[in-house]
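The values are calculated or read from the model by the stated rules, or taken from the named source; none is laboratory data. Quick caveat, the model's predicted, so the values are computed rather than measured. As a convention, Cβ positions derive from the backbone with ideal geometry for all residues, glycine included, and neighbour counts pool all protein chains shown. Heavy atoms of the whole protein, side chains included, go into the accessibility calculation; ligands, DNA and RNA do not. Shrake-Rupley method; radii C 1.70, N 1.55, O 1.52, S 1.80 Å.
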Amino acid sequence: MEKCIRKIIVIVFFILSSKVFCQTSQFDKKIRFNVWADLDAYPEMEYSPDLKQFDYPIRQIRKIVPFFMSGLVYGWTFTYVPYDKARGVEEYFEIEEIKAFDIQSEDVNFTGAKIQNGRFSVWCEYTRNNYQREYYNSWTAIKNPVIHGKGCGKVSKGFEGYTDGAKEAVKNGVREYYRKIVKNKPKEISGKILIKDEPLAGVQDGQYVINLDFFMECDKIVSYTAY
């Protein structure tokens, strides 16, 4: 079993092109977060000697990393329409990448690959360039509020479960923040967010639980009284 795990780790390191790096605790300079795929989410996979059963969770990780890196390095825009029973308006929330993050062209490191407790995990690390560092620090200098949000997504949906959880985390954070400062329910709120530090993901009752702390910048609040 130990030999099998060592072979898996070697293969993963080759696939993810791991590199040696120097650690730093300053998040404005170096991004570091753990990302994983739950092997139990794919019960149809049969374990075979050639280890190809891990191809799918590896592909999921390679989707998850650029998604979160885009939110950490460039940020996401959001559009939020609050639920309004009296007006027959359903809640709507969407996020979009300000700029896509390409792990093929960026100097991303993957380290510490392991299989434990039914999970395949690696650490993702990336050093911001000077422009990206200045951009991150500009969010702190403007005194944008720091919001916390928590959201869930189904483990069985793989990458989509991660994105559902992250999207819900941002939505819940935005909603709770504006409930406290906007007296009358608005028609729509739009803005930008930048993830402040390490995204945290766990599993509970078959769902990914995503916790995010993020800076928020409001672009526009549209009131119903404007119409």
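Give segment 198-208 a look and list any residue that's in a strand (DSSP E or B) and surrounded by 17 or more Cβ atoms within 10 Å (Cβ to Cβ), or say none.
Those that are in a strand (DSSP E or B) and surrounded by 17 or more Cβ atoms within 10 Å (Cβ to Cβ): A201, V203, Q207, Y208.
Restricted to segment 103-139, and to residues that are among the aliphatic types (A, V, I, L, M) and either over 20 Å from R32 (Cβ atoms) or outside any loop (DSSP other than H, G, I, E, B) (or both), which residue is most open to solvent (accessible area, probe 1.4 Å)?
I115
Hey, can you tell me all the residues within segment 75-102 that are in a loop (DSSP other than H, G, I, E, B) and surrounded by fewer than 17 Cβ atoms within 10 Å (Cβ to Cβ)?
Once the filter is applied, which keeps residues that are in a loop (DSSP other than H, G, I, E, B) and surrounded by fewer than 17 Cβ atoms within 10 Å (Cβ to Cβ), segment 75-102 yields Y83, K85, A86, R87, G88, E90, E91, I98, K99, A100, D102.
Can you tell me which residue among I181, I142, I195, I189 is buried (at least 17 other Cβ atoms within 10 Å of the Cβ) and out of contact with any Gly (no Cβ under 6 Å at 6 or more places or on another chain)?
That would be I189, the only listed residue that is buried (at least 17 other Cβ atoms within 10 Å of the Cβ) and out of contact with any Gly (no Cβ under 6 Å at 6 or more places or on another chain).
Given the criteria of a type outside the set (V, I, T), at pLDDT below 90 and touching a Pro at 6+ places or on another chain (Cβ under 9 Å), does A41 qualify?
In short, yes.
Please work out which residue is most open to solvent (accessible area, probe 1.4 Å), limiting yourself to segment 154-164 and to residues that are more than 12 Å from the chain's Cα centre (by Cα) and not charged (D, E, K, R).
The selected residue is S156.
Is it fair to say K167 is closer than 25 Å to V222 by Cα and open to solvent by 80 Å² or more (accessible area, probe 1.4 Å)?
Spelling it out, it is not the case that K167 is closer than 25 Å to V222 by Cα and open to solvent by 80 Å² or more (accessible area, probe 1.4 Å).
Got a number for residues in segment 90-111 being under 19 Å from P57 (Cα atoms), in contact (Cβ under 8 Å) with a residue 40 or more places away in the chain and not hydroxyl-bearing (S, T, Y)?
4
Scan segment 193-227 residue by residue and report those that are of a type in the set (K, R) and under 15 Å from the mean Cα position of the chain (by Cα).
K196 - this is the single residue of segment 193-227 that is of a type in the set (K, R) and under 15 Å from the mean Cα position of the chain (by Cα).
Residue-wise test of (1) part of a loop (DSSP other than H, G, I, E, B); (2) in contact (Cβ under 8 Å) with a residue 40 or more places away in the chain; (3) touching a helix residue (DSSP H, G or I) at 6+ places or on another chain (Cβ under 9 Å).
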residue	(1), (2), (3)
H148	no, yes, yes
Y162	no, yes, yes
A169	no, yes, no
Y177	no, no, no
K185	yes, yes, yes
I193	no, yes, yes
